[in-house]
Structure formats: structure tokens, C-alpha cells
Amino acid sequence: MDAFYASIEQRDHPEYRGKPLAVGYGEKRGVVAAASYEARKYGVRSAMPSVTALRKCPDLIFAMPRFDVYRAVSKQVMQLFQEYTRLVEPLSLDEAFLDVTVNYPGIRSATLIAKEIKQKIYNRTGLTASAGVSYNKFLAKIASDFRKPDGLFVIEPEQAEAFIEKLPVTKFFGVGKVTAARMEKLGIRTGRDLKQWSELDLVREFGKVGRMYYHFSRGVDDREVEPERVRKSLGAEETFLDDLDELVDMLGALHQIARKVHRRAEKRNFFAKTLTLKVKYADFDQVTRSRTVDYYINTYERLFELGKELLLQVDDLQEKKIRLLGLTLKKPDAEQAVLPVDGVQLRLDFED
């Protein structure tokens, strides 16, 4: 979906249309959850502090999030996908992979299916979507971002090699800012550069995720579309109205976050053996601490005590103020996931 949250607000509030809009809290401690395309022209992006967004765009309008509405529209769109195939893998409220090799209408062209779905989304919701069509997940994902908004881009098998060779590595699925910076130092800027490296050398440099980079640079991605993805992590975090500089206040905040994570875990019957703490300082530097235990973290008491231990391991607690704290539970096999992690990403209601 194109600028999903912001587009819904512009659809429902005519006075926002054609104007730079951010979904989020516009005050000092606020964060942008989503930005309209008009706002993006000024450099406003999701997860950006609201004060930074306002400096970039003084005329920026803020709308408070309405996640119940966004979830309802998402359900409409996901149900539409099910009219074409049962092989639908949601990635978030506004994005999904579809395998249409076999589809209910019996349409032999994936491109025609994408056109139909785009039109039906607009007819039913009044919103636009962009689609990427290709023979695997990696290329379809890249193609979906290629002509936003309201775009449709197809990468056919015979085009893939030349397309990937010209592609900046920053566009590769799984390459974050930290990895991209490391690649830049190694002279890897495009798919062509990446393709010059052997699988062994990439694994030596980047760990087992190097195998993924090796195959992606050759247009190979054998991951299937998984209709029922197994949740591997669950977390919560809080940005504070005032920076915390007293340990007692940090522990009080951690207590509330642990309560929230435990409630969510209990509701979803989700229990794990790894806990990760995220700390973001007032200067936006951030650190993480993780610990894996030999028992399931299945009570609030275990969750909080382990979180407290991790917090006390963090340096600079006495020297620097804290802007944000977060806790994430991970399944025992979560560390074996294919995709790399540049730090730890908590699940947030932000959109691309």
C-alpha cells in the first residue's frame, strides 16, 4: 500500500489532501509513524522525531494514529488477496507476498492479476497500492518499491541478471545501514560488485547471511510464500515524555514495559528463552543487551528480573539520559533466521 496510514487519513479528511501530513504525535517527544508523499518531499520519514520533521517541513500537519481503522482497511485488502490465492504471506498491515502460480480465477499472467488487484483495492478502499511481479520474493519485493506510488513493475527472468547488477546494495533485501557501510568500505556498491565475491568470502566477512547475499546477487531466492508465518519475536518499547536519568525511574519504566510484553505474550501463548533489552539515549545513540536462558520466560517476574539484569549491564546509565526503553522476547530458533539484523528491531507500528 502507498503511504498507508497517511493515505487513509487523507482519504477520510479532505482538508489533508495534497498537503504534507505526518501520522503521529507532533509534540516534543513525538515520533512520526508515517508520512504522506507530500511530506516525504521535504525529507520527512517514519520513525523520525517529530521535532526533526517540523524543522524539515514547518507546515507539516500531524494526525493522531487510528490503528483500529488501519487494521480494518488491512483486513479488507488481505481478504481481497484471498480471492486469488491461499498462498498469502502478510509482512505487515500494508504489505504481503502472494504466490499466484496457481490462482483461483485461472489467470495465466501474474501481471494481469496484479493489475486486477490494484484496481479492486482502489474500488473498495479508495486507496492506491504498488505491486512488484517476479519469479521470487527478493525480486518481487524490490520491484514493488520501484515505481511508487500507484506503481506496477515487472522483472522477468531474462531481465533479472542485468537488473541486479545495476542495483545499489542499499536496495537489497536484508542490507541495513550498518551492513551497507561495511560493504561500501569493501568497495561493494552494486549487485555487480557483490557478484564478484565468492560465497566463502562473503560468509567470512558477513557471517552465514553472506550466503544469502551470494544467492541474491545471482537472482536466486528459494524461499516459499508461507501463509502461516511462525512468530519469532514479540516486544514493546516506550519513548518517554522526559528523559530518564535516575535508576529508580528506569526500573519503574521497565516494570511497565515488562507488564505489557507479558500480557501480549500470554494472549498469544508466546513464550521464549531469549530476552533483548533496547536502550536509546537522549542523543539517539542506542545499545542492546541480550541473554538466553535454559528455561522459558513465561512469567512477569522472570521477564522483569531478567530485564533488570540486562539494564544493570548497560554502561553510561549514570552519565547519559535515556529517551527510550524496550524489551523483546525471541523464540529459541530466532537467532537462526535468514535475514541479518543491524542491531535489534522491535516490532513497531511504523510503516515503510
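The values are calculated or read from the model by the stated rules, or taken from the named source; none is laboratory data. Given the structure is predicted, the values throughout are model-derived calculations rather than measurements. Cβ placement follows ideal geometry from the backbone for every residue including glycine, while neighbour counts extend to all protein chains displayed.
Per the conditions (1) surrounded by 17 or more Cβ atoms within 10 Å (Cβ to Cβ); (2) touching a strand residue (DSSP E or B) at 6+ places or on another chain (Cβ under 9 Å), the sole criterion not satisfied by Ser217 is (2). Filtering the range 130-143 to residues that are in contact (Cβ under 8 Å) with a residue 24 or more places away in the chain and touching a strand residue (DSSP E or B) at 6+ places or on another chain (Cβ under 9 Å) leaves Ser130, Ser134, Lys137, Leu139, Ala140, Lys141, Ile142.
Okay, residues lined up against (1) exposed (fewer than 13 other Cβ atoms within 10 Å of the Cβ); (2) out of contact with any helix residue (DSSP H, G or I) (no Cβ under 7 Å at 6 or more places or on another chain); (3) under 30 Å from Ile113 (Cβ atoms):
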position	(1), (2), (3)
Ala140	no, yes, yes
Asp145	no, yes, yes
Val154	no, no, yes
Glu165	no, no, yes
Val169	no, no, no
Val175	no, no, yes
Thr190	no, no, no
Asp201	no, yes, no
Glu205	no, yes, no
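When you scan the range 196-242, how many residues do you find that are over 30 Å from Ile297 (Cα atoms) and of a type outside the set (D, E, K, R)? So the count comes out to 17. Taken as a whole, the range 283-299 holds at least one residue that is in contact with a Lys or Arg (Cβ under 9 Å, 6 or more places away or on another chain), at positive phi and surrounded by fewer than 16 Cβ atoms within 10 Å (Cβ to Cβ). Scanning the range 138-156 for residues that are touching a Phe, Trp or Tyr at 6+ places or on another chain (Cβ under 6 Å) and either of a type in the set (D, E, K, R) or part of a strand (DSSP E or B) (or both), we see that the one that is nearest to Pro90 (Cα to Cα) is Lys141. Of the residues making up the range 269-282, just one is surrounded by fewer than 18 Cβ atoms within 10 Å (Cβ to Cβ) and either of a type in the set (S, T, N, Q) or in a helix (DSSP H, G or I) (or both), namely Asn269.
Filtered by the rule that a residue be exposed (fewer than 15 other Cβ atoms within 10 Å of the Cβ), more than 23 Å from the chain's Cα centre (by Cα) and either aliphatic (A, V, I, L, M) or at pLDDT below 90 (or both), the range 251-268 gives a lone residue, Glu266.
Here is a yes/no grid of residues against (1) in a loop (DSSP other than H, G, I, E, B); (2) within 28 Å of Ile155 (Cβ to Cβ):
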residue: Arg182; (1), (2): no, yes
residue: Glu205; (1), (2): no, yes
residue: His215; (1), (2): no, yes
residue: Arg218; (1), (2): yes, yes
residue: Leu254; (1), (2): no, no
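The set of residues in the range 300-327 being under 20 Å from Asp242 (Cβ atoms), in contact with a strand residue (DSSP E or B) (Cβ under 9 Å, 6 or more places away or on another chain) and either of a type in the set (Ser, Thr, Tyr) or surrounded by fewer than 18 Cβ atoms within 10 Å (Cβ to Cβ) (or both) consists of Val314, Asp316, Lys320, Lys321. Within the range 156-215, the set of residues being farther than 20 Å from Ala143 by Cβ, modelled with pLDDT of 95 or more and in contact with a Pro (Cβ under 7 Å, 6 or more places away or on another chain) comprises Arg189 only. Taking (1) under 18 Å from Met250 (Cβ atoms); (2) in contact with a Lys or Arg (Cβ under 6 Å, 6 or more places away or on another chain) in turn, Ala272 satisfies each apart from (1).
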